[in-house]
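Have a look at the structure below before the remarks.
A short reminder: the numbers here are calculations on the coordinates, not readings from a lab. Predicted model only: the values in this text are computed from it and were never measured. Please note: Cβ atoms are built from the backbone with ideal geometry, for glycine as well, and neighbour counts cover all protein chains shown.
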Amino acid sequence: MNRLWKEFSKGLWKDLPPFKLVLGLCPVLAVTNTADNGLGMGVAVIFVLTLSNLLVSLVRKLIPAKVRIACFIAISASLVVAVELLMQAFAYPLYQQLGIFVPLIVVNCIILGRAEAFASKNPPLLAVADGLGMGVGFAMSLTFLGALREGLGTGHIFGTNVVWPGFEPLGFMVEAPGAFVSLGVLLCIMNFAENVRRRRKGLRAVEGPTHDCGSCGACGSASNC
């Protein structure tokens, strides 16, 4: 149980995908102009990531090493098709808002990265915990970023007014420049918080990524990390 919690919880802060691993930035920048879009994309990624991790783990010993990436893509593509059909049936306006970024989940580096680095090397329960934790962390990140941009850009979050009378919305926050500015500020805050935490523990502050990628292997250069 402790191992399951460890694998799940790492995706909530230690290896938070957009801000600690700096992965999956395409949807992070493109669909977070509203909190609704961020949450919708996050839920879709949770579904695909958790089930793809489970399926990859179940068949990991049956897949030849030379075709493993193609097999991982085929598994995630099948799940993404299921997500598209479900969204078209039950959340069509959201599906239209997200557009091309729903099918692009297939090649999201978080999906393929967790399949290669973790699910293909671990049993199903751990793979599900890893996928669910990473997915929830990704959804939380997109929802928070979307709420921040929507609140500052329109004065509303999830259709509710959140600003004081006389507030002048910052229109650029819901445009492309606002995505880069918001992401940069949040990355700065996350790195600052991590360095404060390390100093309090007597550790040296770091200037680069704060996660330990030495055991990943997804980029093929783990021995050089």
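Here are the numbers:
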read-out	value
Crossing angle, helix 124-154 versus the chain [Cα axis fit, 0-90 degrees, rounded to tens]	20
For LYS10, LYS61, order by how many other beta-carbon atoms lie within 10 Å, fewest first	LYS61, LYS10
FRET efficiency estimate (nearest 0.05) - Cβ-Cβ, LEU203 to LEU104, R0 35 angstrom	0.40
All-pairs Cα distance distribution in segment 129-183, expressed in whole percent, bin size 5 Å	4, 20, 23, 20, 13, 10, 6, 3, 1, 0
Gyration tensor verdict on segment 19-66 (Cα atoms; rounded if a/c is under 1.5, prolate if a/b is larger than b/c, oblate otherwise)	prolate
Options VAL80, LEU29, GLY137, ranked by Cα towards positive dipole end of the chain, top entry (Cβ charges)	GLY137
Among GLY133, GLY99, GLY151: highest mean-square fluctuation, GNM of the chain, C-alpha pairs under 10 Å	GLY99
Taking LYS14, LYS20 and counting other C-beta atoms within 10 Å, the order from fewest to most	LYS14, LYS20
Taking the C-alpha atoms of the chain, convex hull volume expressed per residue in Å³	147
Cα-based Lys proximity count in the chain, under 23 Å, for pairs eight or more positions apart or on separate chains	13
Three principal axis lengths of segment 28-94 [C-alpha, angstrom, descending]	42, 26, 16
Ranked list, fewest to most other Cβ atoms within 10 Å of each Cβ, for ARG197, ARG68, ARG114	ARG197, ARG68, ARG114
